[in-house]
Amino acid sequence: LQPYVVAQLAGAVVEQIVEGSGLTASEFAVTSWLNLQGRATPSQLARDLGIPPTTLSSMLDRLVRKKQVRRVRHP
């Protein structure tokens with residue numbers, strides 16, 4: 001029960017942080033991770049954040065449209 005309660009409380013805090021930003025909690029997690037790491041491939045992001053690659057791909061598309069991230073071709 002305790003892990004569930006902690007997860008719910010953490011989720012509530014994140015929702016307050018992103019309120020009014022136009023980002024979802026998951027989008028906030030991706031942009032925060034990228035802010036800390038700098039650059040990453042979608043595969044790295046999916047693995048590190050535990051997000052299915054197809055879900056991450058659509059999320060990255062949304063973040064690009066929102067001008068929160070930009071895609072750069074891997075050299």
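The values are calculated or read from the model by the stated rules, or taken from the named source; none is laboratory data. A quick note: this is a predicted structure, and the numbers were derived from the prediction, not measured. Neighbour counts are summed over all protein chains in view; Cβ atoms, including those assigned to glycine, are modelled from backbone coordinates with ideal geometry. The area values use the complete protein model at the heavy-atom level, side chains included, leaving out ligands, DNA and RNA. Shrake-Rupley method; radii C 1.70, N 1.55, O 1.52, S 1.80 Å.
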Legend entry - Compactness of the chain - radius of gyration and Dmax, Cα, Å: 13.5, 47
Inset, instruction - Rank 36, 56, 23 by mean-square fluctuation in a GNM of the chain with C-alpha springs under 10 angstrom and give only the top-ranked residue. - result: 36
Inset, instruction - Could you size up the charge dipole of the range 14-63 around its Cα centre, putting +1 on the beta carbon of Lys and Arg and -1 on that of Asp and Glu, and report it in debye to the nearest 20? - result: 220 debye
Inset, instruction - Quick one: check the C-alpha center-to-center distance for the range 5-41 versus the range 46-62, whole angstrom. - result: 14 Å
Inset, instruction - Go through the chain and name the trypsin sites (Lys or Arg not before Pro) that are in a DSSP coil and have 16 or fewer other Cβ atoms within 10 Å of their Cβ. - result: 39, 66, 67, 70, 71, 73
Inset, instruction - Between residue 67 and residue 1, with labels modelled 7 Å along Cα→Cβ, what's the label distance in nm to one decimal, could you check? - result: 4.9 nm
Inset, instruction - Calculate, for the chain, the solvent-accessible area per residue in square angstrom, rolling a 1.4 angstrom probe over the heavy atoms of the protein chains. - result: 77 Å²
Inset, instruction - Please calculate the 1.4 Å probe accessible area of residue 21, with all protein chains present, and give it to the nearest 10 Å². - result: 60 Å²
Legend entry - Dipole of the chain, positive end: most advanced residue of 60, 72, 21 [Cβ charges, Cα centre]: 72
Legend entry - MRE, 222 nm, helices only [DSSP H, n ≥ 4, -39500 (n - 2.57), over the chain, to nearest 500]: -21500 deg cm²/dmol
